[in-house]
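The values are calculated or read from the model by the stated rules, or taken from the named source; none is laboratory data. Since we're looking at a predicted model, the values are computed, not measured. As a convention, Cβ positions derive from the backbone with ideal geometry for all residues, glycine included, and neighbour counts pool all protein chains shown. Protein only, heavy atoms only, side chains kept; ligands, DNA and RNA dropped before computing areas. Shrake-Rupley method; radii C 1.70, N 1.55, O 1.52, S 1.80 Å.
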Amino acid sequence: MSGLRILVPVKRVVDYAVKPRVNKAQTAVETSGVKHSMNPFDELSIEEAVRLRERKMPVEDILAFSAGPAKSQDVLRTAMAMGADRGILVVEEKTELEPLGVAKLLAKVVEDEKRNLVILGKQSIDDDANQTGQMLAGLLNWPQATQASKVDVEGDTCTVVREVDGGVETLRAKLPMIITVDLRLNEPRYASLPNIMKAKKKPLEKKTLADYGIDANKRLKTVKVTEPPPRQGGGKVEDVDGMISKLKELGAI
Amino acid sequence: MPAIHRALPALRRIRIANATFQQASRIRLQPSAAAAASRPAYQLRYQHAEAQTEAEPTTSASGADHAPQEQPDRPQQKIKFTADSYPSLKRDSRFKELTEDDVKYFKELLGSESAVIDGVTKDAFEELDAFNADWMRKYRGQCRLVLKPESTEQVSKILKYCNDNMLAVNPQGGNTGLVGGSVPVFDEIVVNLARMNNVRSFDEVSGILVADAGVILQQADDHAAQHGHIFPLDLGAKGSCQIGGNVATNAGGLRLLRYGSLHGNVLGLEAVLPDGTIVDDLSTLRKNNTGYDLKQLFIGGEGTIGIVTAISILCPQRSPAVNVAYFGLESYEKVQQAFREAKKQLSEILSAFEMMDGQAQKLYAKANGARLPLEGEHPFYCLIETSGSNTDHDSEKLNTFLEHVMGEEIVSDGVVAQDESQLQSLWACREGISESSQHFGGVYKYDLSIPLPQLYSLVEEARSRFESNGLMGDSDDFPVMDVIGYGHMGDSNLHLNVVCRRYDKEVEKAVEPWVYEWVAERKGSISAEHGLGLAKKPFIGYSRSETMVKLMRQVKELYDPNGIMNPYKYI
């Protein structure tokens with residue numbers, strides 16, 4: 001069997017610990033001046049790719065890929081500090097890419113870079129679409145295993161345990177294939193200092209959508225974005241009697 | 001969905017803290033004949049409980065992958081009464097004992113059932129225990145009445161009554177103190193400020209926050225954060241401690257390096273003197289050069305001359321760009337080098353430089369079942385935080401610094417937080433040590449200011465003392481598990497913790513007064529930020545001259561002539 005040539009797409013998103021705020025025009029979430037970092041699910045997919053190599057699987061090359069504003073190179077550097085070998089960044093400042101556009105782009109990258117395994121986060125935490133991996137599998141006509149919680153590769157056979165309602169499901173397929181990862185797959189490592197240094201010297205190629213001949217025009221229109229209704233504050237009661245009468249008042253007892 | 005596993009260390013820490021108090025409720029009252037006949041009646045009842053729990057085995061060190069909550073049957077040592085552990089302390093006979101009439105007065109004054117926990121006319125032992133016991137499980141008072149006033153006026157009336165009737169008072173905030181200052185020794189009335197928890201005002205332009213003393217530090221910081229500012233104090237207990245208590249004990253904490261001490265940040269305060277006088281010095285001025293600055297007496301006064309009821313404090317602009325790096329280093333020499341380089345290269349954006357030794361990190365991992373950020377073991381670890389206004393500028397500086405310290409082999413390994421959650425788990429490695437140190441039974445804590453070059457040799461010497469006197473070892477036969485050192489490198493402040501399986505007089509004798517003599521010889525301070533409380537009271541002479549102590553006594557005499565405020569402690 002030939003070696004594993006892994007593609008790991010990563011996305012720069014608003015940091016998960018930051019409370020998102022809707023912009024004034026109610027058209028999107030406010031992103032300027034907000035801390036961004038790598039989509040947490042993508043950290044898991046990078047980690048898994050690196051662990052495959054550490055488990056002495058025949059990993060030839062781990063390619064991290066991102067598309068979006070030029071700042072996305074920060075998350076690519078993080079991916080490389082975690083263990084990816086090189087990166088490609090498609091710079092697109094204006095249009096926000098939709099899952100189908102990204103999937104088409106990835107299909108081109110897979111072809112150009114002769115990938116035989118794509119490990120993606122199951123979704124990104126900004127749009128929560130959970131579509132890109134599935135669309136890519138459709139475009140390439142490859143087998144897919146979504147929401148992976150365990151991945152094993154033996155020869156050219158891949159065994160994936162995935163979490164489903166009420167239990168787990170074990171799938172087996174032959175490479176090439178698409179895997180999307182879920183939270184319990186692994187615990188991503190910290191980017192260590194020596195590796196951060198090394199990552200600066202790893203090749204990072206910048207491209208544009210035009211290089212791939214992809215039309216990224218939006219097919220969907222965001223009509224309105226609203227924040228969830230604010231939580232109604234609770235009341236305090238003075239004592240047990242107060243609580244009982246309050247509960248009665250609310251018809252709870 | 002967030003990567004939830006990252007939040008687990010933090011959750012575990014919260015649970016450790018909770019469990020500490022939950023243990024108290026496991027003590028059940030049972031009739032017993034074991035009570036000592038010589039005690040006053042109110043103590044007898046507590047003695048029953050003590051006798052009943054005496055048979056419980058002492059805490060054993062477990063490999064603890066689990067938080068205490070997951071082991072509900074984990075044997076817990078009972079907490080001895082402070083009066084029993086320190087037989088030299090005698091109840092001051094000038095103080096009156098509480099009567100039903102006193103309780104009646106307070107109930108009418110506060111006008112609410114929930115504001116009074118009454119152990120005088122009824123049995124409220126369990127409820128009272130949370131106010132009697134400190135979280136290190138080292139001190140336990142015998143108070144029978146807890147008052148929770150809602151307003152400054154109520155505090156004033158309480159104190160006036162107590163002063164007129166010679167009733168001793170123990171002011172209490174979040175009860176997270178480390179020197180036994182926040183819990184009563186005998187039957188002092190606990191005045192707990194928890195119900196005075198309103199933010200009074202926040203000025204967006206100047207960043208001045210005015211708030212009641214009972215506001216939890218975390219809430220105060222969250223409030224400032226909503227307006228883009230930061231509370232100038234941060235410490236491990238921020239989820240429980242109250243800002244009034246912070247001011248009363250002049251807490252130092254993690255941001256001192258950057259924002260300075262509370263003596264500078266507190267612009268004004270409101271306090272109540274024992275005679276009921278309300279000291280309204282709630283100034284919001286940065287400059288006010290008119291007369292003696294009396295508020296400074298309440299900052300770090302540990303509730304011995306009055307109760308702080310509100311503060312006004314200057315909150316700096318919150319830095320939008322925060323970075324955290326965590327290093328492993330070979331020796332204390334290298335730690336000092338790294339600190340020098342950090343000051344030189346990060347200068348104005350450096351906001352914390354914390355040092356932890358390998359033992360402290362191992363203990364943290366063991367108590368929390370956490371994984372340490374670095375592969376391999378290092379004798380020393382450092383945590384560096386930068387905060388500034390411009391991410392790109394800060395990252396560039398930090399990167400240059402990191403490349404330098406790696407290239408020069410000052411640090412052997414390190415990680416940089418790539419996102420907010422990593423940042424928090426790196427901080428947890430430092431902030432979680434304090435709780436971890438008492439996880440296995442108990443801890444003797446020493447909080448010392450020592451000149452930087454000699455700072456760590458104290459830990460080494462303490463360790464070799466315990467190795468040679470046979471008190472430290474790996475099995476349950478030895479009271480001492482380990483000696484750890486960590487602290488605020490930036491402030492020359494070392495926390496020396498003797499981690500114990502149980503509290504043992506022999507251990508105490510082996511360290512005290514040796515550690516104080518050691519520190520005094522090097523012109524350090526025996527209490528850098530924890531204060532004096534009960535634990536450090538006898539040792540003030542190692543850090544202050546006779547003249548200074550005499551002047552302090554005069555102040556105490558002036559404002560609290562009856563000596564009812566937080567007695568038996570401080571000076």
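Observations
- Over the stretch B:438-530, the ratio between the Cα radius of gyration and 2.2 N^0.38 Å evaluates to 1.03.
- MRE, 222 nm, helices only [DSSP H, n ≥ 4, -39500 (n - 2.57), over chain A, to nearest 500]: -8500 deg cm²/dmol
- Kirkwood radius for the protein assembly as shown, taken over all pairs of different Cα atoms as the inverse mean of 1/r, rounds to 29.6 Å.
- Shielding of A:192-202 by partner chains, average beta-carbon count, 10 Å: 4
- Out-of-range pairs (alpha-carbon distance over 24 Å; input A:Lys174/A:Lys202; A:Lys19/B:Lys238; B:Lys343/B:Lys366): A:Lys174/A:Lys202; B:Lys343/B:Lys366
- DSSP H segments from chain A that extend 18 Å or more along their own axis, Cα-based, with Kyte-Doolittle mean of -0.5 or above: A:99-112
- Whole-number accessible area per residue in Å² for the protein assembly as shown, which is evaluated in the context of all protein chains at 1.4 Å: 44 Å²
- With a 10 Å cut-off around each Cβ of A:15-28, the average count of Cβ atoms from other chains is 2.
- Against the empirical 2.2 N^0.38 Å (N residues), chain B has a Cα radius of gyration ratio of 0.96.
- Under 12 Å, Cβ to Cβ, from B:Ile189 - net charge with Lys/Arg +1 and Asp/Glu -1: -2
- Given 14 as the ceiling on other Cβ atoms within 10 Å, longest exposed-site-free region of chain A for trypsin sites (Lys or Arg not before Pro) in DSSP loops: A:115-217
- Between A:Val102, A:Val18, A:Val110, the residue with the greatest mean-square fluctuation in the GNM of chain A (Cα pairs under 10 Å linked by springs) is A:Val18.
- Under 12 Å from the Cα of A:Lys246 - aspartates and glutamates, other chains or at least 8 residues apart: A:Glu238
- Mean separation of Cα contacts under 8 Å, 6 or more apart, over the residue count of the stretch B:438-530: relative contact order %: 42 percent
- The Cα center of the stretch A:64-89 and the Cα center of the stretch B:324-402 differ in position by 25 Å.
- FRET efficiency for the pair B:Lys80 and A:Leu247, taken as 1/(1 + (r/R0)^6) with r the Cβ-Cβ distance and R0 = 51 Å, rounds to 0.75.
- Solvent-accessible area, 1.4 Å probe, carbon plus sulfur percent, for the stretch B:438-530: 46 percent
- Chains A and B together, accessible area buried on both sides, 1.4 angstrom probe, square angstrom: 2600 Å²
- Subset of A:Lys71/A:Lys114; A:Lys200/B:Lys334; A:Lys11/A:Lys201; B:Lys287/B:Lys569; B:Lys107/B:Lys536 violating a 30 Å alpha-carbon distance limit: B:Lys287/B:Lys569; B:Lys107/B:Lys536
- Percentage relative contact order, chain B, counting C-alpha pairs under 8 Å, at least six apart: 15 percent
- Stretching the chain fully between A:Ala70 and A:Glu96 yields a gain of 8.1 nm (0.36 nm per residue, less the alpha carbon separation).
- Summed over qualifying helices (DSSP H, 4 residues or more, each -39500 (n - 2.57)) and divided by its residue number, chain B shows a 222 nm mean residue ellipticity of -10000 deg cm²/dmol.
- Whether the stretch A:123-244 is rounded, prolate or oblate, judged on the alpha carbon gyration tensor where a/c under 1.5 counts as rounded: prolate
- Spin-label pair B:Glu420-B:Ile571: with each label point 7 Å from Cα along the Cα-Cβ axis, the two points sit 4.6 nm from one another.
- Mean projected area in nm² (Cα convex hull; one quarter of hull surface) for the stretch A:4-249: 18.5 nm²
- Relative contact order (%) - criterion: Cα under 8 Å, at least six apart; region: the stretch A:4-249: 24 percent
- Surface composition of the stretch B:173-329: carbon and sulfur atoms hold 50% of the protein heavy-atom accessible area at a 1.4 Å probe.
- Here the gap between B:Glu377 and B:Ala225, fully extended at 0.36 nm per residue and compared with their Cα-Cα distance, gives a gain of 51.0 nm.
- Measuring between alpha carbons in the structure, the pairs from B:Lys160/B:Lys550; A:Lys94/A:Lys221; B:Lys96/B:Lys122; B:Lys138/B:Lys445 lying more than 21 angstrom apart are B:Lys160/B:Lys550.
- Anisotropy class assigned to the stretch B:321-433 is oblate, per the alpha carbon gyration tensor with a/c at or over the 1.5 cut-off and a/b no larger than b/c.
- Probe 1.4 Å - accessible area at B:His227, Å² to nearest ten: 50 Å²
- Listed peptides B:370-382, B:486-498, B:229-241 by packing density, highest first (mean Cβ within 10 Å): B:486-498, B:229-241, B:370-382
- Evaluated with a Cβ-only charge set (Lys, Arg +1; Asp, Glu -1), the stretch A:131-246 carries a dipole of roughly 760 debye about its Cα centre, given to the nearest 20.
- Taking every residue in A:185-191 and counting other chain Cβ atoms within 10 Å of its Cβ, the average works out to 5.
- Near A:Arg189, once Lys and Arg are set to +1 and Asp and Glu to -1 for all other residues with Cβ below 11 Å from its Cβ, the sum equals -3.
- Computed over neighbours whose Cβ is under 11 Å from that of B:Phe231, the net charge equals 0, Lys and Arg +1, Asp and Glu -1.
- Stretchable slack from A:Asp112 to A:Lys24, in nm (0.36 nm times residue separation minus alpha-carbon distance): 27.5 nm
- Placing R0 at 41 angstrom, the Cβ-Cβ distance between A:Asp156 and A:Leu220 gives a FRET efficiency of 0.65 after rounding to 0.05.
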